[in-house]
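Worksheet: the structure to be examined is printed underneath.
Where a number appears in this text, it was derived from the coordinates with a stated rule and is not lab data. Small disclaimer: the values here were computed from a predicted structure and weren't measured. Here the Cβ is made from the backbone with ideal geometry for all residues, glycine too, and neighbour counts use every protein chain on show.
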Amino acid sequence: MKFIDPHVHMSSRTTDDYEAMQKAGIVAIIEPAFWLGQPRTEKGAFKDYYSSIVGWEPFRSSQFGIKHYCTIGLNSKEANNVPLAEQVMELLPLYAMKDNVVAIGEIGYDDQTEAEDRFFRAQIELAKEVNLPILIHTPHRDKKNGTLRSMDVLEEHGVDPKMVIIDHNNEETAKAVLDRGYWAAFTIYPRTKMGSERMVEVVKQYGSERIIVDSSADWGVSDPLAVPKTAHLMLANGIAKQDVHMTCYQNALDAYAQSGNMKESDWVDGVVFDQSTLFGGNSVLRGQDPKKGSGTDSDIVEN
Amino acid sequence: MNQIALTGTQIVNAKTNLKLEIYQSCLNNLKSELAVSWFTEKVKDLSSTSSFYLAFGMLKRKVDDGPISIYEGLNAELKRINPAFSHTKWTLVEFCRLAFLLHLDSSDNKAKICTLLASSDMKEQVVIYKSLQYLANAEDFKLEIIDGIRTNMVDVFDAIASENSYAFKYFSEDAWNHMVLKAIFMERPIYRIYGIDDKKNAKLTGILQDFVHERWAAGRAVTPELWRMISGFENDSIFEDLKKTVKSDTGLGKTAAIKVLQESSYVSWLADEGIEETILSWNEIGLQVNQSTD
């Protein structure tokens, strides 16, 4: 089976992860702009980070045959440094137009402060202006209220729910998000978010319509194989293959394809990173070969 | 370097015509009325920094990408600036972006293009690096291009190194050598570097010979194309390396070493050893080396 992980912070991951992801059937990924585990203190740090997820990381990913997309946004945690956030907001229009950008995000609330609210709204307006979907990060703390409030604000700004992916849902938020017409994403992340067994139950209860599974793997203890693992667990628990396909591939594609920047043809014939072959139908993977040896416990490091 | 000597005014005129001809060619290639009117309007409005960035970024959404066809006159003009130019290496979106870059006023195009480069995605970097050689003030961007070859993104590197005359025209010997060496490290096709034979030099030969020894010490092979840059700078020490390559290498590495020897003063060694000369050209060797990936 083929999978998409529509939320994974690859900048924090190693080539071993890329290799394992490719082997597990992941063909495309989305890297939402987020924070790096510690706050940035300069505008330039944001600029270089954004440059990296529109340039360097897609290249790195392509070496493993995986198509890389990203979302651009100022995350809610760092929105609280208002003078810096104002500068970062000036950068966003420049990056929102890039080739692999499929949404504005992840934005929303962390502590639900006034500053977070201000920059959340400004970015909703930006998304409307450039006609991109929106990826919502729902808070860890006071999650239910934060999620409801996010949807209220989006509706206040006249955003069509089908253009919005609400992420990090759980059993408590799923119903409201789905009932109001949004895409509901679930993050399989050990201990802090969803476990894969709970995810199986969610799909049993709600079916597969507008439900999306992701890993949000990052610099913390997390699992870049969470999507394929959850898919296998769903199959083992009697969930229909079609529903697994919808939740672990198709729904993410349908949601983010609304950007106009993501389409299946980007990866079905292989991922290339040489522009000169763009119209030649050449699908050969170039550059440094992904590691050839099979995963043994040998002490020999390939020459 | 270039046989045709033009006066300053003639160069300016030629570039002015180039700008208009490329603009016209873009219009000819655009398929929809909507794209034509959008493009026509945006070209007139590149003076503010933000309108330029937005138009440059929006282009890919406004234009249906595809291959381009161009008239012979424009083809000849582009080849005059860059003899390695081929329209088959350009897409319509790239060509329209080239038109935008040419339409910037050269009094402030440097600041605008440098800022754009600093925040560009991979495709944008590729087209900017491919385009700079066609600007009237191309030479002003030398440091940016030298910085560009420090990239590890293959297609960005290729945009500078392959079928691009910029390095040939403007790079110092050290910058040129750095580019060639990096191309070898990145396993990029050497035969596609414009002017590769004309800019060979003794310093590069020395660096490459050290590189060969380092690779051999590590039990690794070197690309057969490497010997092309050494050809013409042989000495007794390199002769030993070539002999070793002919004896121990098989395939194209051996062919390349034979080729260097047959064109050198050490040619008699081949006859003494009963080794047949090769009829392959360096480009043919390069093509074969890169066949699996090109």
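Before moving on, here are some points about what is shown:
- Links that overshoot a 18 Å alpha carbon limit, given the list A:K67/B:K123; A:K47/B:K142; A:K2/A:K204; B:K169/B:K200; A:K204/A:K241: A:K47/B:K142; A:K2/A:K204
- Neighbouring Cβ atoms from other chains, within 10 Å of the Cβ of residues in B:58-67, number 2 on average.
- Annotation for A:R191 and A:V82: the two label points, set 7 Å from Cα along the Cα-Cβ direction, are 3.6 nm apart.
- In a DSSP loop and with at most 16 other Cβ atoms within 10 Å, the trypsin sites (Lys or Arg not before Pro) in the range A:43-82 are A:K77.
- With 28 Å as the limit, the listed pairs A:K43/A:K229; B:K44/B:K110; B:K89/B:K199 have A:K43/A:K229 beyond it between alpha carbons.
- Kirkwood hydrodynamic radius of the protein assembly as shown, Cα pairs, Å: 26.6 Å
- Over chain B, relative contact order from alpha-carbon pairs under 8 Å, at least 6 apart, %: 12 percent
- Size descriptor, Kirkwood hydrodynamic radius, that averages inverse alpha-carbon separations across the range B:1-144, Å: 15.6 Å
- Sparsely packed loop sites in the range A:141-189 (the trypsin sites (Lys or Arg not before Pro) outside DSSP H, G, I, E and B with at most 13 other Cβ atoms within 10 Å) comprise A:R141.
- Put in line by how crowded their Cβ is, counting other Cβ atoms within 10 Å and starting with the fewest, B:V212, B:V126, A:V213 read B:V212, B:V126, A:V213.
- Sum of side-chain charges, A:A226 neighbourhood, beta-carbon under 9 Å (Lys, Arg +1; Asp, Glu -1): -2
- Compactness of the range A:102-238, expressed as Rg and Dmax over alpha-carbon positions, Å: 14.9, 46
- Compactness of the range A:73-131 as Cα Rg over 2.2 N^0.38 Å, two decimals: 1.05
- Cβ-placed point charges (K, R +1; D, E -1), dipole of the protein assembly as shown about Cα centre in debye, nearest 20: 520 debye
- Between B:R61 and B:W216, residue separation times 0.36 nm minus the direct Cα-Cα distance comes to 50.8 nm.
- Alpha carbon centroid spacing (whole Å) that separates the range A:245-261 from the range A:16-53: 19 Å
- Among B:Y134, B:A257, B:H103 the positive-end extreme of the charge dipole of chain B (Cβ point charges): B:H103
- Note on chain B: Kirkwood hydrodynamic radius from all Cα pairs is 21.0 Å, rounded to one decimal.
- By other beta-carbon atoms within 10 Å, ranking A:V271, A:V102 with the fewest at the front produces A:V271, A:V102.
- Relative to one another, the C-alpha centroids of the range B:115-178 and the range A:164-193 are positioned 45 Å apart.
- Distribution of pairwise C-alpha distances over the range B:202-294, 5 Å bins, in %: 3, 13, 27, 26, 19, 10, 2, 0
- Fewest-first ranking of A:V8, A:V268, B:V43, using other Cβ atoms within 10 Å as the exposure measure: A:V268, B:V43, A:V8
- Among the trypsin sites (Lys or Arg not before Pro) found in the range B:37-74, those both in a DSSP coil and sparsely packed, with 16 or fewer other Cβ atoms within 10 Å of their Cβ, are B:K44.
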